Amino acid sequence: MNNRLEKLTVRAQMSAEDESVGNVFISGPITSWAWDDFNETDSLQVRRELEKVADAQTLNLFIDSPGGYLDEGMTMMRLIKEHKAAKKHAYCMECASAATLLCIPCDTVTAYEGAEFLFHMPRGGMSGSVSKAVGELCERISAVLGDIYARIDFPDEDLGELSAAEVVEC
């Protein structure tokens, strides 16, 4: 056994109290190639862990992530959406950037006291002749994210509209 502290990035297990409930814990930055030493999470890890709770009728997600790569966040969102659980719930502490996408397929989202949410449109940069193409790509992705965020039932706010203002902290 390794003597260093075990870092929690993604872990899933069936609930000890109810065998029909699967609990998935997701923490750390969302990257496309996770390194354990940096406490990162990627969609491959999430897929593997979701397989451990494949028979769950209720899926509880515990999210504590500053976000990260948009493509990985979108892939994780689809993996959660495709899970066969009838009910999905997200419980969040830090849920920023790409991590907010993990809440989209959930029936309910609960924020712990002191929780932080950060919604924003994608950013990117390049120099040279392709910079216009990057701007157009960001605009297309922003439109898709605006539609996704608009589906969230957020009290008194339209997140699709708000996130177009660049950064929204809740």
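The values are calculated or read from the model by the stated rules, or taken from the named source; none is laboratory data. Predicted, not measured: the structure shown is a model, and the values here were computed from it. Neighbour counts run over all protein chains shown; Cβ positions are idealised from the backbone, glycine included. These accessible areas exclude ligands, DNA and RNA; they are computed on the full protein's heavy atoms, side chains included. Shrake-Rupley method; radii C 1.70, N 1.55, O 1.52, S 1.80 Å.
Quick look at the numbers
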quantity	calculated
Per-residue SASA entry for residue 62, accessible area with 1.4 Å probe, Å² rounded to 10	50
Under the Karplus curve 6.51 cos²θ - 1.76 cosθ + 1.60, θ = phi - 60°, whole-Hz ³J(HN,Hα) for the range 53-69, x wherever Gly or Pro sits	10, 4, 8, 5, 8, 10, 10, 9, 9, 10, 10, 9, 9, x, x, x, 5
Gain in span if fully extended, residue 38 to residue 84, counting 0.36 nm per residue against the direct Cα distance	13.5 nm
Net charge of neighbours whose Cβ lies under 11 Å from the Cβ of residue 64, counting Lys and Arg as +1 and Asp and Glu as -1	-2
